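Scroll down for the structure; my scribbles are underneath it.
The values are calculated or read from the model by the stated rules, or taken from the named source; none is laboratory data. Owing to the predicted nature of the structure, the values given are computational and were not obtained by experimental measurement. Positions of Cβ are backbone-derived with ideal geometry, glycine not excepted, and every protein chain shown enters the neighbour counts.
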Amino acid sequence: MLCNRKMFLVVLLHVFTLSFLLAANFKLSPGPKAIVFIHGILGNYQEGSDIQKWVAEVHPDTPFYSIALYQRIKSLAPLWKQVDIIRKEVEGIMNNHSDGIHLICFSQGGLICRGILSTTQHNVDTFISLSSPLAGQYGDTSYLKYLFPNFLKSEIYKVFYSKTGQDLSIGNYWKDPHHLELYQKHSNFLAPLNNDTYTSEINDYKKNFLRLSRIVLIGGPDDGVITPWESSHFAFYDSNEKVVEFNQQRYFTEDSFGLKTLFNEGKIKIYVIPGVQHIHWHSNRTVFNSAILPWLI
């Protein structure tokens, strides 16, 4: 009888120990990080619907938030204004997910995310930039023709590099390589973010940007909107409209906002994906499987 009692106590101890270890492991292994999606110019929160569906298929417990602010025509509002409002909503999400979040940002949304990442002591783990004009925009694209049918890329600087032009989001990141002095003088969003013009906040921008664990840059030669398409990888035109790679840009070589540091630490992943038009990046399953899903961990 005594032997049976001892055996029972031993078994009970093992069960208790196993239960404790399982519980501890559960606490130490949180679920997938929450994802925040920010739409592009003239778009809305539904641009994130396919990605949300595919994430749910692979990681069903992943919290997913698609920001429903500054949609459609309202997306033409000045970018700092958009950043200020959208940042408040994203900060609320971050506060509810202390283990960190991922940002997936499409097109103009990538610039909004850059503004948030530069001005917030965030807990963003991975910033996934989905065909965003991170180094600026300069091209006769369908969007430009739709918004300004009477202007060519070579003339539109006269509009964008003015007080009125800076009241439009696209004017905030229009970078005419033939009029860089005007860009530096008038651009109140991209120029200070990239330290193309002096700002007293650049050290804070850099410190906050370096909080990232990873940046994923996605773009491709058949985009048709982002011009040059390499802007999605922080590259841009020189004065002869030849693309200068990101690692030869001044803001990289001088490490103005932390890009070089992140690159040297192996925290930047670059994807060049051909055959994808701009409006299809967020709804292309191959793009999701190859360039987005691997980093949602």
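List of remarks:
- Only residues that are surrounded by 24 or more Cβ atoms within 10 Å (Cβ to Cβ), over 19 Å from K267 (Cα atoms) and hydroxyl-bearing (S, T, Y) were counted across segment 116-139, and they come to 1.
- Among (1) at negative phi; (2) touching a helix residue (DSSP H, G or I) at 6+ places or on another chain (Cβ under 9 Å) - the single one F234 does not satisfy: (1)
- Filtered by the rule that a residue be farther than 23 Å from R72 by Cβ and either crowded, with 24+ Cβ neighbours inside 10 Å or touching a residue at least 40 places away in the same chain (Cβ under 8 Å) (or both), segment 97-115 gives H97, D99, G100, I101, H102.
- Residue in segment 254-272 that is over 29 Å from K33 (Cβ atoms), touching a Phe, Trp or Tyr at 6+ places or on another chain (Cβ under 9 Å) and either surrounded by 19 or more Cβ atoms within 10 Å (Cβ to Cβ) or of a type in the set (A, V, I, L, M) (or both) present: no
For (1) among the hydroxyl-bearing types (S, T, Y); (2) free of Cβ contacts under 8 Å to residues at least 24 places away in the same chain; (3) closer than 15 Å to L76 by Cβ; (4) in contact with a helix residue (DSSP H, G or I) (Cβ under 9 Å, 6 or more places away or on another chain), each residue gets a yes or a no:
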{"site": "V124", "(1), (2), (3), (4)": "no, no, no, yes"}
{"site": "I128", "(1), (2), (3), (4)": "no, no, no, yes"}
{"site": "S132", "(1), (2), (3), (4)": "yes, no, no, yes"}
{"site": "F160", "(1), (2), (3), (4)": "no, no, yes, yes"}
{"site": "I170", "(1), (2), (3), (4)": "no, no, yes, yes"}
{"site": "Y173", "(1), (2), (3), (4)": "yes, no, yes, yes"}
{"site": "S187", "(1), (2), (3), (4)": "yes, no, no, yes"}
{"site": "L193", "(1), (2), (3), (4)": "no, no, no, yes"}
{"site": "Y198", "(1), (2), (3), (4)": "yes, yes, no, yes"}
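- Top-ranked residue in segment 137-159 [being within 21 Å of V244 (Cα to Cα) and assigned to a loop (DSSP other than H, G, I, E, B); ranked as modelled with the highest pLDDT]: Y138
- Subset of segment 180-202 that is buried (at least 17 other Cβ atoms within 10 Å of the Cβ) and among the hydrophobic types (A, V, I, L, M, F, W, C) - its residue that is nearest to D84 (Cα to Cα): F189
- Selection from segment 203-223 of residues that are surrounded by fewer than 17 Cβ atoms within 10 Å (Cβ to Cβ) and over 16 Å from I116 (Cα atoms): P221, D222
- E57 among the charged types (D, E, K, R), out of contact with any Lys or Arg (no Cβ under 8 Å at 6 or more places or on another chain), surrounded by 17 or more Cβ atoms within 10 Å (Cβ to Cβ) and over 30 Å from I202 (Cβ atoms): no
- Among (1) touching a Cys at 6+ places or on another chain (Cβ under 6 Å); (2) farther than 23 Å from P221 by Cα - the single one L168 does not satisfy: (1)
- For segment 231-253, the set of residues classified as out of contact with any Phe, Trp or Tyr (no Cβ under 7 Å at 6 or more places or on another chain), part of a loop (DSSP other than H, G, I, E, B) and not acidic (D, E) consists of S239, N240, K242, listed by residue number.
- Looking only at residues in segment 67-82 that are over 25 Å from A34 (Cα atoms) and of a type in the set (A, V, I, L, M, F, W, C), the one that is surrounded by the fewest Cβ atoms within 10 Å (Cβ to Cβ) is I73.
- When residues in segment 97-127 are screened for being polar (S, T, N, Q) and either in contact with a strand residue (DSSP E or B) (Cβ under 8 Å, 6 or more places away or on another chain) or part of a strand (DSSP E or B) (or both), 3 of them pass.
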